[in-house]
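As structure tokens, the structure follows; a few thoughts come after it.
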Amino acid sequence: MTVTLRDIADEAGVSVMTVSNVMNGKSARVSAKTIERVRGIADRLGYVPNIAARSLAATRSHVIAALVPVGPDDDLLVSPHTVAVIGGIERHLRKHGYHVLLRGIEHEDEIAQAVRGWSLDGAILVEFDDAKIDRIRIDEVPLVAIDSYSANPRTVGVRTDDHRGGWLAGARLAEAGHRRLLFAGPARRASGVVAQRWDGFRSACVAAGIPAEHLVVEEALTTFQDGRELGQRLRDDHPDVTAVFATADILAVGLMAGIADAGGSVPGDLSVIGFDDLDVSGYTTPALTTIAQDMPAKVAEASRIILDEIERGEGPRVPVTLGVRLVERGSVAPPASRR
């Protein structure tokens with residue numbers, strides 16, 4: 001027999017509306033004692049919410065998609081950064097009574113298909129190239145892009161101060177005495193994030209008196225394996241380089257592994273700085289010096305923006321940019337020639 005909200009309300013001695021508010025996460029005006037009693041009864045009776053019926057009865061579906069670009073054979077959650085973003089978004093939206101639909105996008109037209117086919121209230125775009133976001137033409141629901149420099153007014157969202165982050169990395173390595181440096185990350189032409197980090201890094205190095213021609217760029221995907229492969233050949237391909245700035249922690253961790261595979265050490269032979277300050281940056285030996293972005297604030301802001309647009313028709317007119325800071329650990333030291 002199906003358990004209904006009325007069944008729970010009768011046993012709890014409260015109204016059906018109170019039970020509905022508790023089960024939908026809208027419990028600001030409900031006492032903690034009542035919330036605990038209602039949820040306990042719901043669990044004991046085996047109540048299962050009917051999401052489809054709820055959506056049909058409401059003006060909104062209370063479903064927001066988190067859309068992530070993938071290749072035909074890619075795993076959806078291969079990046080620790082993606083995992084952190086999706087997990088944070090789900091936590092924030094769940095507290096406001098929304099469900100998160102996680103969907104990999106192989107082709108651009110699948111974005112519109114997902115929005116219309118799933119009757120979404122909104123969609124959050126995670127790690128899409130700026131050019132793809134530029135081409136999105138969807139007016140039905142709010143869209144929020146994370147880490148985007150697209151000029152598309154329909155996707156205004158939140159990002160990190162990537163230029164400042166690149167500057168901090170370059171300044172720290174220059175301060176340590178490095179004069180031959182390598183920048184490792186995805187292609188700059190496809191990503192405003194990477195382009196900004198490169199511009200900041202290059203500007204800091206040049207301001208410190210390092211000739212621009214002493215800066216080397218290696219394109220690599222932000223994966224552990226790409227970092228490892230680069231680290232393994234780094235000494236042979238770039239014998240003069242003494243320090244590396246990687247645009248993601250997972251890429252930097254792979255670099256450190258590859259350097260060790262090739263018989264080198266960090267920071268003995270090469271200094272390495274990452275970007276993100278994810279948990280993985282503290283698991284290496286030595287621990288990774290990195291540029292920390294405020295991930296909790298970023299996912300909270302993205303969630304706030306889309307909820308404001310859905311529930312109040314409000315949204316920012318300019319992108320929200322969050323600050324960064326240098327987290328000093330053990331992967332940076334002066335070059336061997338200066339010790």
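The values are calculated or read from the model by the stated rules, or taken from the named source; none is laboratory data. Because the structure is a prediction, the values reported are computed rather than measured. Positions of Cβ are backbone-derived with ideal geometry, glycine not excepted, and every protein chain shown enters the neighbour counts.
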Please go through the range 225-236 and pick out each residue that is without any contact (Cβ under 8 Å) to a residue 40 or more places away in the chain and either among the charged types (D, E, K, R) or within 12 Å of Thr247 (Cα to Cα) (or both).
Asp226, Arg228, Glu229, Arg233, Arg235, Asp236
The lone condition Trp167 fails out of (1) aromatic (Phe, Trp, Tyr); (2) assigned by TED's automatic domain parsing to the domain that holds Ala252; (3) in contact (Cβ under 8 Å) with a residue 40 or more places away in the chain is (3)
Find all pairs meeting these conditions: Cβ atoms under 6 angstrom apart; at least six residues apart or on different chains; first residue within the range 105-119 and under 19 Å from Val144 (Cβ atoms); second residue part of a helix (DSSP H, G or I) and among the basic types (Lys, Arg).
Glu108/Lys132
Run down Glu314, Glu301, Glu309 and say which single residue is over 21 Å from Ala174 (Cα atoms) and touching a helix residue (DSSP H, G or I) at 6+ places or on another chain (Cβ under 8 Å).
Glu314
Subset of the range 244-302 [small (Gly, Ala, Ser) and under 23 Å from the mean Cα position of the chain (by Cα)]:
Ala246, Ala248, Ala252, Gly254, Gly274, Ser281, Gly282, Ala287, Ala292, Ala297, Ala300, Ala302
Considering the range 89-103 alone, what residues qualify as being surrounded by fewer than 16 Cβ atoms within 10 Å (Cβ to Cβ) and either under 15 Å from the mean Cα position of the chain (by Cα) or closer than 12 Å to Ala300 by Cβ (or both)?
Arg91, Lys95, Leu102
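Residue-by-condition table, conditions (1) over 24 Å from Asp279 (Cβ atoms); (2) surrounded by fewer than 23 Cβ atoms within 10 Å (Cβ to Cβ):
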position: Gln232; (1), (2): yes, yes
position: Asp237; (1), (2): yes, yes
position: Asp240; (1), (2): yes, yes
position: Ile250; (1), (2): no, no
position: Val253; (1), (2): no, no
position: Gly258; (1), (2): no, yes
position: Gly264; (1), (2): yes, yes
Filter the range 160-189 down to the residues that are under 21 Å from Lys298 (Cβ atoms) and among the hydrophobic types (A, V, I, L, M, F, W, C), then identify the one that is surrounded by the most Cβ atoms within 10 Å (Cβ to Cβ).
Ala169
Go through the range 303-334 residue by residue and tally those that are modelled with pLDDT of 95 or more, more than 20 Å from the chain's Cα centre (by Cα) and not hydrophobic (A, V, I, L, M, F, W, C).
5
Filtering the range 148-159 down to residues that are under 15 Å from the mean Cα position of the chain (by Cα) and either under 22 Å from Ala333 (Cβ atoms) or surrounded by fewer than 23 Cβ atoms within 10 Å (Cβ to Cβ) (or both) yields Tyr149, Arg159
Inside the range 204-222, the number of residues satisfying the requirement of being surrounded by fewer than 16 Cβ atoms within 10 Å (Cβ to Cβ) and touching a helix residue (DSSP H, G or I) at 6+ places or on another chain (Cβ under 7 Å) is 3
Pairs under 7 Å by beta carbon, first residue acidic (Asp, Glu) in the range 208-221, partner modelled with pLDDT of 95 or more, six or more apart or different chains?
Glu218/Leu182; Glu218/Ala184; Glu218/Leu230
Among the candidates Arg137, Arg228, Arg202, single out the residue that is assigned by TED's automatic domain parsing to the domain that holds Val85, basic (Lys, Arg) and over 18 Å from the mean Cα position of the chain (by Cα).
Arg137
Can we say Ala302 is among the aliphatic types (A, V, I, L, M) and surrounded by 23 or more Cβ atoms within 10 Å (Cβ to Cβ)?
yes
Anything in the range 105-119 that is within 24 Å of His62 (Cα to Cα) and out of contact with any Leu (no Cβ under 7 Å at 6 or more places or on another chain)? List them, or say none.
Glu108, Asp109, Glu110, Ala112, Gln113, Val115, Arg116, Gly117, Ser119
For the range 236-254, indicate whether the set of residues that are within 25 Å of Ala66 (Cα to Cα) and either at pLDDT below 95 or of a type in the set (Val, Ile, Thr) (or both) is non-empty.
yes
Kindly indicate whether any position in the range 111-125 is in contact with a helix residue (DSSP H, G or I) (Cβ under 6 Å, 6 or more places away or on another chain) and assigned to a loop (DSSP other than H, G, I, E, B).
yes
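Yes/no matrix, rows are residues, columns are (1) at pLDDT 80 or above; (2) on the phi > 0 side of the Ramachandran plot; (3) under 18 Å from the mean Cα position of the chain (by Cα); (4) among the aromatic types (Phe, Trp, Tyr):
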{"position": "Arg6", "(1), (2), (3), (4)": "yes, no, no, no"}
{"position": "Ala9", "(1), (2), (3), (4)": "yes, no, no, no"}
{"position": "Ser27", "(1), (2), (3), (4)": "no, no, no, no"}
{"position": "Ile35", "(1), (2), (3), (4)": "yes, no, no, no"}
{"position": "Val78", "(1), (2), (3), (4)": "no, no, yes, no"}
{"position": "Glu108", "(1), (2), (3), (4)": "yes, no, no, no"}
